[in-house]
Structure formats: structure tokens, C-alpha cells
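Bear in mind that the values in this text are calculations on the coordinates, not laboratory data. Remember, predicted model here, so these are calculated numbers, not experimental data. FYI the Cβ positions are ideal-geometry reconstructions off the backbone, even for glycines, and counts take in every protein chain you see.
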Amino acid sequence: MRLHALVGLGSALLALARARTVDIPLDDPSLVRSERWGTQLQRTQHKGSTLSFSFTGTAIRIILNTYHTYGVVTITLDGRDTTLDTYSDVGHIDSTCGLCESGLANTKHDVLLTLDGPGQGQSGSGQAWMNIRSIQYETDGTDPPPPPSPPPGSSTPSPTGPAASNATPSPSSTTTGPVHSQSSGSSTGQQNSDPPEHADRRAKQLTAAAIAGVAVASVAVAVLSILGLLWLVRRRRRRQQYAAHEQFATPNPYLLHPGPQSPDTRPIVSGSSKFKSARSPASAGPVTGSPAGTRDGEMGEADGVRAELAQIRADLSRLAHPPQYTTQ
């Protein structure tokens, strides 16, 4: 008896040594709040707001704040409800144990907190608050028991669905082919039919690919348009430059083929018969031929002008000094 008592005492002391308390922070992702909860983590004033979480342990403690504007809260543990009014007539915020239970099985437990609305107290807007101070649970340090295994003979589920309803009993020698074909057909159908999330992902990929294709095509069209415009501008400039070059390169037909010159109609001074003989034949006739012949004609005309001037000076000299005649 003493030996059994010592063993029991040792087990209890070992369990106490392994036991530990776990605090769940109010910003822990495992705390799931409803959409009506609001932006504040520890409290809400919207009726019907909920906060839920799960834990694995042997005890749970949920501490709620109390005040004269706080309302009625329902705490559900594994389907069992506990309702309390968090109203307090004191002039400051106090606290109370909303749910404090121990001796639970070392398994997974589900907890749900719900704000039912105002009770004895309410705010100026007619609403009431639920304010959470802390959440703790205890574990004995041992691993939770595994889930119960299915009874023997029930591991293979019976066939259900259209394939099972269409199957008919037949001899074992003839059932192999049809059953195989049906199973292969069903597996093929399962492979061909994609889940909705896969279909949505493919649709999004196709949409993104289509948008990328349109963007690339638009950029390509814009680049080609700019290149075509630059090509047209350069072509027009080349045509203008070529036309200007042709205009300056084409010689004047009047310079290449000059027409006949009009004869000299200036009056001839009397007594200038010598000047007539002294004039160059090139100056009297029309000027034709190459530019060299034109220069020769101009030089001959200049010689004729000089000869005419010399003749005029000689005539003037004779007039100024007439000859002297003597009588005998």
C-alpha cells in the first residue's frame, strides 16, 4: 500500500512539474473576430460580435472587465453556454472571471464569446461593451490522446454515387472488365475536371496573358508608326534636296546657245573710212560659237574702238592745224 501511495504521489508531483500556464495575447492570430467586432482588439460595442478560438489543455480562464457601460456576454465552451452581465456600479473598471474551469480532458476545446447587448448598464448611445482583459489555459504537459481509430471492417467505405448505383451484381468472372472500365472512366473524369480554384487560377492567368499581349502589340504598333513617320520625313527631304540640285546643275539654254546679235547701227563719223577698214571683221558680224570665239569678238571690238578714237584725234588735229597754202 505504501508503495502504491508513493507511486501515486510521484505521478502527481510529475504532472504538476509538467503543467504550465499559457497566456494567449489579444493580438494572437488564433483569435478569430467577426466582421462586426471593429478595430479594437480587446473590446467591442456592436451587438452580436463574436470572438472564437481553440486550445488543447485541462483548464481555461477568461477574465472580463466590468464597468457601468458594459453589457451581457455569453461564453460557450464545447457547446455549453455561460452567460453573465459585466455591469458594475463602481466608478472604475474592475474585472471578473467570465469562464474559469479546470479538470478538462487533455483534448482540443472550442471557445466562443458573444456580446448579447446591454444589460443593466449601457453607454450614452444605447449600446454596451464587451471588454476582455486576459485569456489563459493550462496544460498538464502530456501529449493529447490520439483520435479514436475506426472499428474493424469499416476502413473500406462502401461505394456511393452514380457508379455504385449503376453497378449490378454479376459473376466474378465477368465483373472485372466492366468494373475496371467504370473506375477508369470515373478516374479520368476526376482528372479532366479541375477544381473551381484551379479554374479561377487558369482564368486569371489567361486574363493576365491577354493583357500582356495587348500591351506588347500596342507598343509594337506605336514603334512602327514612329519609324514609318521618320522614313517619310527623310524621303521628302531627299526629294527636295535632289530637286534643288537638279535646278542648279541644269545649264541655261541661252548661255549654251546664244542667239544672233543685232548689227551695229551707230552713226559713222565722216572721214572715218580708215576706221571702217581698221574694224575687226569679228566685231561686224554676229557672234557665234564657243565662249572662246565670244572673247575674241570682244577683243576685236575693243581694238576697233581704240582705232576709232585714234582716227577722231587725227581729224581733230587736222582741223586745228589746217594746211597753209602760198600764192605765187
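Each Lys or Arg adds one and each Asp or Glu subtracts one; over the other residues with Cβ under 12 Å from the Cβ of G121, this totals -2. Under 5 Å from the amide H of S95 lie the amide H atoms of T66, each residue being 5 or more positions distant or on a separate chain, with H modelled from the backbone and absent for Pro and chain starts. Here the relative contact order of the stretch 9-139, from alpha carbon pairs under 8 Å that lie six or more residues apart, stands at 37 percent. Only Lys, Arg, Asp and Glu carry charge here, each on its Cβ (+1 for the first two, -1 for the last two); on that basis the stretch 9-139 has a dipole of about 200 debye about its Cα centre. Each peptide in 54-66, 96-108, 127-139, 231-243 gets a packing score, the mean of other Cβ atoms within 10 Å over its residues, and the list from highest to lowest is 127-139, 54-66, 96-108, 231-243. The order of the peptides 38-47, 68-77 by mean Cβ neighbours within 10 Å, most packed first, is 68-77, 38-47.
Of the residues T56, L41, V73, the one whose Cα sits farthest towards the positive end of the charge dipole of the stretch 9-139 is T56 (charges of +1 on Lys and Arg Cβ, -1 on Asp and Glu Cβ, taken about the Cα centre). Other residues lying with their Cβ under 13 Å from the Cβ of R61 contribute a combined charge of -2, Lys and Arg counting +1, Asp and Glu -1.
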